Each structure stands twice: as C-alpha cells, then as structure tokens.
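First up is the structure itself, then whatever we jot down about it.
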Amino acid sequence: MEDKLKILLCEDDENLGMLLREYLAAKGYEAELCPDGEAGFKAFLKTKFDICVLDVMMPKKDGFTLAQEIRSANAEIPIIFLTAKTL
C-alpha cells in the first residue's frame, strides 16, 4: 500500500485551516493542521513531513521565521507560503 504524502499545514484562521485540511484529505494527502508557528515547529520536529504549507501572518511565530527554522533542520523540504496580503 502506498503511503500518503504528509503535509505540515500551518494556518491560524481556523475555518480556512480546516477547509484546506479536508480538501487535502479528499485529494489523498495527510495534512497536520497547526494554528500558529510555534505549534508548527514542534510538529515539524516530531514528524517527518514531505512538504510544508505555511501562512505568512500567524501568531507567536510568522511563516517566514518558521520557514527559516525548518530550513535549518531540513534544507531540502519544499515550502509553500499562503497569504492574504496584497502588494
């Protein structure tokens, strides 16, 4: 049996986070939803993820800071940023 791709999903908007997690599950992925950057980094350290999807603006630790910490631990893992910011 093929393993599901594991995704670290960090999103502080509870409704959007749950919607994204359910959509990814429906597409065959396994996503762990974390509500802030600190929880995201703790999850990253205890679980092997294949990709990270990070909100840019989160409480406790923003997505860019979290990405730097993730890169320090694993320079190869792909990271996708989500943001509601406009230019």
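Overview of results
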| item | result |
| --- | --- |
| List LEU16, LEU54, LEU24, ordered by accessible area with a 1.4 Å probe, largest first | LEU16, LEU24, LEU54 |
| FRET E, pair LYS4, PHE64, Förster distance 22 Å, beta-carbon r, rounded to 0.05 | 0.20 |
| Most fluctuating residue given options GLY17, GLY28, GLY63, as computed from a GNM of the chain linking Cα atoms under 10 Å | GLY28 |
| Lysine pairs with alpha-carbon atoms under 26 Å apart, the chain, spacing 8 or more or separate chains | 22 |
| Whole-percent carbon and sulfur share, accessible surface of the chain, 1.4 Å | 55 percent |
| Read-out Cα extents along the principal axes in Å, derived from the coordinates shown; its label in (i) 46, 27, 22; (ii) 41, 29, 23; (iii) 39, 37, 20 | (ii) |
| Gain upon complete extension [ALA25, LYS42; 0.36 nm per residue less C-alpha separation] | 3.9 nm |
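The values are calculated or read from the model by the stated rules, or taken from the named source; none is laboratory data. None of the values given here were measured: they were computed from a predicted structure. Cβ sites come from the backbone with ideal geometry, for glycine too, and all protein chains shown count toward neighbours. These area figures cover heavy atoms from the full protein model, side chains too; ligands, DNA and RNA do not enter into them. Shrake-Rupley method; radii C 1.70, N 1.55, O 1.52, S 1.80 Å.
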